[in-house]
Amino acid sequence: MPNSIALIAHESKKNDIVTLVQRYHSLLNRYLIVATPDTGKWIQDATNLTVETVVSEADGGLLQIAARLVSSEVVGVIFLMDTINVPSQLPDVQALLRVCNRYEVPLATNIATAELAIQGVAKRRDAYLIFNPIAGQGNPDRDLALIQKILEPQMNLHIILTQPDIDPVEQAKEAITAIQSAQSEDSTACIIASGGDGTVSAIAGTTLETGIPVGIIPRGTANAFVVALGLPTDLKRACETIAAGNTRMVDAAYCNDIPMVLLAGVGFEAQMVNNASRELKNRIGTLAYVLSAAQQFFAQKDFNATVELDGQVLEFKTGAVTIANAAPPSSISAQGFGAVIPDDGLLEVTIPTSKTLLQDINTSATLLASALVKTQFEDRNLVCLRTHQLKVTTDPPQTLVVDGEVLEANPIEFICVPKGLTVFSPLLTT
């Protein structure tokens with residue numbers, strides 16, 4: 001839901017408020033305008049802005065706006081007052097002024113202060129926060145209040161709550177459309193994703209190749225994306241990183257034209273994710289993936305995998321193919337090289353080719369050791385490749401997981417997008 005600005009004008013100030021709105025149309029167009037009926041009609045007749053009207057002042061319209069201020073729906077008030085002909089001590093006027101002061105909502109009562117307020121807002125970054133209230137095990141109300149406390153003094157924060165029946169990708173696309181429609185040379189608008197890896201990956205993927213920075217406020221079970229990129233996992237530090245404004249460009253990828261910011265797994269990885277239920281993750285957190293991996297280790301059956309890259313066709317008998325753009329150390333199946341480099345323009349491919357249970361155990365130990373020391377360990381039953389593009393075909397067809405989402409596809413094509421994603425990040429130190 002977009003933030004709202006309340007526009008009110010006494011009768012002698014109607015022309016003034018229309019002139020003001022026309023002058024700053026492109027900025028006010030980012031907001032939902034809330035107005036009393038007469039003022040709203042003047043604005044709608046003169047512009048194409050969306051205006052939502054409350055009841056008239058005589059019927060309590062100012063009190064309705066005051067109530068919206070209390071619930072943080074209205075982020076600013078422009079009230080052009082005729083202090084000569086209309087008493088400023090009217091109870092409803094005083095109530096609105098008191099609420100603005102109590103909740104520190106910007107209030108302008110004449111053209112000069114209104115222009116100063118609007119120009120100040122224009123210099124701040126527009127941020128569209130897509131917030132998943134059911135992510136993780138924390139208190140979403142407390143988390144959102146802390147995010148607002150840190151970010152709202154620094155930027156114009158538009159809060160969008162995810163809904164069970166709405167794809168967050170569509171919400172992110174709407175935000176991107178709003179950003180691009182208002183884009184200018186000095187535009188610094190951004191998108192912020194707050195939730196688990198599913199929410200974060202989906203939203204980050206929509207910004208791929210747009211140049212729009214994405215901020216990550218992790219509130220999920222594993223928070224694999226921020227760990228993989230070395231971003232803050234603490235909510236307060238994540239907000240402070242976004243407020244600081246430093247950005248970093250990292251790679252992304254497409255998997256059968258689906259944006260991929262983390263990794264894809266065929267076989268073992270897909271079944272492990274599929275078996276870690278939401279109920280289990282809520283109950284035991286990241287241990288759900290450990291338990292699921294242990295169960296899948298003994299249940300996984302080998303399949304034939306054909307890998308095409310760099311003009312070569314390679315064939316393997318394996319139980320897993322993992323293709324990583326970025327991955328935390330906890331994603332053991334991606335750690336053939338000991339670490340996944342998120343900004344080298346390449347995808348890391350890891351394929352175990354063990355033939356016995358003992359070899360499987362040894363290969364798993366090799367991957368774990370590589371992840372712990374961030375250095376590749378040689379294992380003759382482990383194939384490790386780095387490539388910009390590849391195609392994987394499995395026989396029989398296998399379940400696929402892309403950034404935590406389980407899909408069906410065969411064959412599967414991957415292509416890396418170097419520096420395709422811009423993320424807010426702490427300053428890197430050497």
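Couple of notes before you dig in:
- From largest to smallest, the equivalent ellipsoid semi-axes obtained for region 142-252 from the alpha-carbon gyration tensor read 19, 17, 15 Å.
- Crossing angle, helix 61-70 versus the chain [Cα axis fit, 0-90 degrees, rounded to tens]: 30
- Each of Val55 and Lys419 was given a label point 7 Å from its Cα along the Cα-to-Cβ line. The distance between the two points is 5.9 nm.
- Listed by chain and number, the lysines placed with their C-alpha closer than 16 angstrom to that of Lys355 are Lys301, Lys317; residues fewer than eight positions away on the same chain are left out.
- Rounded to the nearest 5, the antiparallel percentage of DSSP beta bridges internal to the chain is 60%.
- Cα-based helix-to-principal-axis angle, 91-102 vs the chain, degrees rounded to 10: 40
- Cβ crowding within 10 Å averaged over residues, with 325-337, 146-158 ranked highest first: 325-337, 146-158
- With a 1.4 Å probe rolled over the protein heavy atoms of all chains, the accessible area of Arg23, Arg102, Arg30, Arg219 falls in the order Arg102, Arg23, Arg30, Arg219, largest first.
- Calculated accessible area for the chain comes out at 47 Å² per residue, all protein chains present (probe 1.4 Å; ligands, DNA, RNA ignored).
- When the solvent-accessible area of region 130-179 is split by element, carbon and sulfur atoms take up 52 percent of it, the probe being 1.4 Å.
- Three semi-axes of the equivalent ellipsoid, the chain, Cα gyration tensor, whole Å, largest first: 53, 20, 17
- Sparse packing (at most 13 other Cβ atoms within 10 Å of the Cβ) combined with a DSSP loop state is found for the following GluC sites (Glu not before Pro) in region 142-238: Glu185, Glu209.
- The angle between the Cα long axis of helix 235-244 and the main principal axis of the chain comes to about 70°, on a 0 to 90 degree scale.
- Loop-located trypsin sites (Lys or Arg not before Pro) in region 307-396 whose Cβ has at most 12 other Cβ within 10 Å (DSSP): Lys355, Lys374, Arg380
- Put simply, the amide H of Val383, placed in the peptide plane, has neighbours under 5 Å in Ile351, Thr353, leaving out anything fewer than 5 places away on its chain.
- In this structure the amide hydrogen of Cys190, modeled in the peptide plane, comes within under 5 Å of the amide hydrogens of Asp126, Ala127, Tyr128, none closer than 5 places in sequence on its chain.
- Averaging the sequence gap over all C-alpha pairs within less than 8 Å and six or more residues apart, then dividing by the number of residues, gives the chain a relative contact order of 14 percent.
The values are calculated or read from the model by the stated rules, or taken from the named source; none is laboratory data. Keep in mind that what you see is a predicted model, and the values were worked out from it rather than measured. For neighbour counting, all protein chains shown are included, and Cβ atoms are generated from backbone atoms with ideal geometry for every residue, glycine included. To get the accessible areas, we keep the full protein, side chains included, count just its heavy atoms, and leave off ligands, DNA and RNA. Shrake-Rupley method; radii C 1.70, N 1.55, O 1.52, S 1.80 Å.
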